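Visitor: My structure is below; once you've seen it, I'll send some questions.
Values quoted throughout were computed directly from the atomic coordinates according to the rules given, and no laboratory measurement underlies them. Bear in mind the structure is a predicted one, so any value in this text is a computation, not a measurement. Neighbour counts run over all protein chains shown; Cβ positions are idealised from the backbone, glycine included.
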Amino acid sequence: MLTREAGDTAPAFSPDGEWVIFWRGEALWSVGRSGEPHALVTGEYLRLLTAAPLRLFAWDWMPGTANLFFTTEERVKERWQPRFDLHVVDVRGGQPILVLEAGQGGVPFVSPRGVWLALVRQGEIALSRTNPLEARRVFTYKSVPGYLPQAHWLRDESGFVLLLPPDPSQPTPTPEPSSEYPALLPTQWWGISVEGRARLLGEFEAEKFNIASPLIAPNGDQLLYLYPYRKRGQHELHIRDVLGNDLFYTSYRYGQIGAVAWLPDEMHFVYWADTPQSLWLGHYGEPGRPLAIDMRIDALLWADLHFFLFRQGGEVYFQTWQGERKRLMQGCGPGVDVFLAVAGE
């Protein structure tokens, strides 16, 4: 047992599996495999930054170290707004350090080996080496209310990819009278190199992001997305790659299907159909096969092709796709996904 407090919630593992961060009250805590838990980011620290109410907004681990980057958001009238600052804290017991002021940092996305750091903020993305930290703007985009891109790093650290939803201020195209499909504004797929070169990898028509966001594969060159087939009242699940190849995989009733996760082999994926607890394992050219889960889950992460972790209610389970299940952890809150460090990854 790592902690004994019943109120400890939302655990997240470090990339090496040696540390777990979790919430206790309004503070972020950490605990190692052996040792006592200690507070990392407290309300007292956040109150030193500004008079407005603050809370953590997003964070990411720096692989190969015990450092955690995080950014905050503040309460403005009736809304929480990102500050786009940047802090770092050593989870072994160090004090948080403000490294980039509000507006100069952003939502952190650290590269797989911890060499590079992408910082996403409203309308732009900055890039820096993690040591020394010297952020420079490498990409600008038209802001969409309520949406910030996710920087998906390539495994070789040569750059990252991201998706930009259609501009909601643009008028919706008129479909062809003979078409069974609606006319949609395109979603853009961008690649950004660590040298700062941006390249449009492709455009495709997909369902609105607020209904179902496309899901990028681990290799960054393919994704799952939904396309509305409204004449039949269905959503189609498609697989698309950066070369423009687009494969229809399956369809189901409108609003009752969605992508969940890619597996580490970059060929299998999980989707749900009918209800969110009805999960299926998909693969190119093969029909989906059901996963033996009979409950609604909050988070799912595959360790390899054979087993995965998922959180249901306040408990974390280990399960094979054939249905063998074991409970691993109790007392996990629903707010933050569960992460697993896989040896050799």
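Visitor: Once fully extended, how much extra length lies between ARG92 and ASN210, figured as 0.36 nm per residue of separation less the alpha-carbon to alpha-carbon distance? Walk me through the numbers on the way to the answer.
Guide: Numbers: separation 118, 0.36 × 118 = 42.48 nm, distance 3.81 nm.
Extending this stretch completely gives an extra 38.7 nm.
Visitor: Note down the magnitude of the dipole of segment 26-144 about its Cα centre, charges +1 on Lys and Arg C-beta and -1 on Asp and Glu C-beta and zero elsewhere, to the nearest 20 debye. Could the numbers behind the result be given before it?
Guide: Working: 14 positive and 12 negative charges, 69 e Å.
The calculated dipole for segment 26-144 is roughly 340 debye.
Visitor: Now for a different question. At 7 Å along Cα-to-Cβ for each site, give me the label-to-label distance between SER179 and GLU44 in nm.
Guide: With each label placed 7 Å out from Cα toward Cβ, I get 6.1 nm.
Visitor: Any chance you could check the Cα centroid distance between segment 131-188 and segment 8-85 for me, in angstrom?
Guide: If we compute the Cα centre of each part, the gap is 28 Å.
Visitor: Now, a different point. Just to confirm a number: summing +1 for Lys and Arg and -1 for Asp and Glu over residues other than PRO166 whose beta-carbon lies under 14 angstrom from that of PRO166, what do you get? Before the final figure, lay out each step's value.
Guide: Working: positive: LYS142, LYS208; negative: ASP167, GLU203, GLU205, GLU207.
Value of the local net charge: -2.
Visitor: Right, next: Starting from the Cα-Cα distance between ARG155 and ARG289, subtract it from 0.36 nm times their residue separation and give me the gain in nm to one decimal. Each step should come with its number before you reach the end.
Guide: Working: separation 134, 0.36 × 134 = 48.24 nm, distance 2.86 nm.
Answer, rounded to one decimal: 45.4 nm.
Visitor: Shape verdict for segment 8-149, please, from the Cα gyration tensor: rounded (a/c under 1.5), prolate (a/b greater than b/c) or oblate. Intermediate results must be reported in sequence, preceding the final value.
Guide: Working: a/c = 1.92, a/b = 1.24, b/c = 1.55.
It comes out oblate by the Cα gyration axes.
Visitor: Can you work out the FRET efficiency for the pair ASP265 and ARG79, with r the C-beta to C-beta distance and R0 = 45 Å, to the nearest 0.05?
Guide: Efficiency at R0 = 45 Å is approximately 0.65.
Visitor: I've got another one for you. With a ≥ b ≥ c taken as the square roots of the eigenvalues of the C-alpha gyration tensor of segment 146-211, please select rounded if a/c is under 1.5 and otherwise prolate if a/b is larger than b/c or oblate if it is not?
Guide: Verdict is prolate for segment 146-211.
Visitor: A follow-up question, please. With a/c under 1.5 counting as rounded, go ahead and sort segment 94-230 into rounded, prolate or oblate using the C-alpha gyration tensor (a ≥ b ≥ c being the square roots of the eigenvalues; past the cut-off, prolate if a/b is larger than b/c, else oblate).
Guide: Values: a/c = 2.61, a/b = 2.02, b/c = 1.29.
Here segment 94-230 falls in the prolate category.
Visitor: If neighbour count is taken as other Cβ atoms inside 10 Å, put VAL41, VAL144, VAL99 in order from fewest to most.
Guide: On the way: VAL41 24, VAL144 17, VAL99 14.
Going from sparsest to densest Cβ surroundings: VAL99, VAL144, VAL41.
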